[in-house]
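Engineer: Right, I'll just put the structure down here and ask away after.
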Amino acid sequence: MGAETLAPGEARRAAEELARGAGAVLLEHASRSFEIDYKSVQDLVTSADRASEAYLVAEIERRYPGHAIVAEEGSGRDRTARYRWLVDPLDGTTNFAHGYPFYAVSVAVEEADAGRESARGPRGAIVAGAVYDPQRDECFSAARGQGASLNGRAIHVSAVSRLERGLLATGFPYDFRERPRESLDAFEAFLHEAQAVRRDGSAALNLCYLACGRFVGFWEVKLHPWDTAAAWRIVEEAGGRLSDYAGGPFDPFGIECAGSNRLLHDAVLAVLARFPRPSA
């Protein structure tokens, strides 16, 4: 593994720059026609995803030639390295494809932690991350031990302490049609317990909205590490908490993500506990 050290502050700045650069690529594609392909009935990819990912991979290779890269569309660089970049070039592809202006770029930096493994891959510490919404020019970022920010201003989770006073968010997995009750049962329960629930198609942005106090809770299954890694660091540095559905440590390579402003975490988990744990 490479011997160089990437300080959290440097990693944060780089993640912000990369996310903003990829966001500019997305905006340029949004202004003209683009191609759409289907990975499955509900899972699509556009030429904008590919162009954004090409930009991110090329820039990371240029800046950090010894680092590994995990990218959603598969153009990353799989190698043994001290640092690994987890990038989602376009979180909210379906929104983007339909002209619905709610999508983002997510960039995280993971430092290897020898000997730690998770259900779906090696598990390290997220050093820093950035999530950029190019439509609103909102860049959320955080570095380990340095807090979280929105466009350079410090952010913190909501102080709401009653679930019925809070706004929550969720998403449905791509295999929703095969197991609809896994998503709909919890969705219905939270509709009764919370003030309201939103489902708007970008887990990375939903989690950042949790970090800055717009939401008080979040839950979703079958996300990928590039969806959650950067936002996980942002939520934690903003005072929030992510876990699995049983309250165990959050694993971006796992299949469960429950988030809250920390004050309401037990309440969120209590609702999820009414239903069987989701299957892989």
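Engineer: Need at least 3 residues that are buried (at least 24 other Cβ atoms within 10 Å of the Cβ) and either touching a helix residue (DSSP H, G or I) at 6+ places or on another chain (Cβ under 7 Å) or among the aliphatic types (A, V, I, L, M) (or both) per element, so show me which strands (runs of 3 or more DSSP E) inside the range 205-280 make the cut, counting only ones lying wholly within it.
Structural biologist: Numbers: elements: 217-221, 241-243, 256-260.
The strands (runs of 3 or more DSSP E) meeting that bar are 217-221, 256-260.
Engineer: Of these, SER149, SER141, which one is in contact with a Cys (Cβ under 9 Å, 6 or more places away or on another chain) and under 30 Å from ARG84 (Cβ atoms)? Spell out the reasoning first.
Structural biologist: Working: SER141 fails: in contact with a Cys (Cβ under 9 Å, 6 or more places away or on another chain).
Residue meeting the stated conditions: SER149.
Engineer: A further question follows. For the range 180-200, check the following and say yes or no: at least one residue is modelled with pLDDT of 95 or more, within 30 Å of SER31 (Cα to Cα) and among the aliphatic types (A, V, I, L, M).
Structural biologist: No, the range 180-200 contains no residue that is modelled with pLDDT of 95 or more, within 30 Å of SER31 (Cα to Cα) and among the aliphatic types (A, V, I, L, M).
Engineer: Within the range 244-253, identify whether any single residue is of a type in the set (Gly, Ala, Ser), outside the structural domain of PHE96 (by TED's automatic domain parsing) and on the phi > 0 side of the Ramachandran plot, and answer yes or no. Reasoning before the result, please.
Structural biologist: Here is the first cut: in the range 244-253, the residues of a type in the set (Gly, Ala, Ser) are 246-248.
Still in the list and also outside the structural domain of PHE96 (by TED's automatic domain parsing): 246-248.
Narrowing the set further to residues that are on the phi > 0 side of the Ramachandran plot leaves 247.
Scanning the range 244-253 turns up at least one residue that is of a type in the set (Gly, Ala, Ser), outside the structural domain of PHE96 (by TED's automatic domain parsing) and on the phi > 0 side of the Ramachandran plot.
Engineer: Considering only residues of the range 151-174 that are touching an Asp or Glu at 6+ places or on another chain (Cβ under 8 Å) and surrounded by fewer than 18 Cβ atoms within 10 Å (Cβ to Cβ), which is nearest to PRO278 (Cα to Cα)?
Structural biologist: Within the range 151-174, the match that is nearest to PRO278 (Cα to Cα) is TYR174.
Engineer: Quick check on the range 28-43: of everything there that is outside any loop (DSSP other than H, G, I, E, B) and at pLDDT 85 or above, which residue is nearest to GLY201 (Cα to Cα)? Break it down stepwise before answering.
Structural biologist: Residues of the range 28-43 outside any loop (DSSP other than H, G, I, E, B): 28-30, 36-38.
Narrowing further to those that are at pLDDT 85 or above: 28-30.
Numbers: GLU28: 21, HIS29: 19, ALA30: 17 Å.
Filtering first and then ranking leaves ALA30.
The values are calculated or read from the model by the stated rules, or taken from the named source; none is laboratory data. These numbers come from a predicted model, not from an experiment. Quick reminder, even Gly has a Cβ in these numbers, built from the backbone with ideal geometry, and neighbours come from all protein chains shown.
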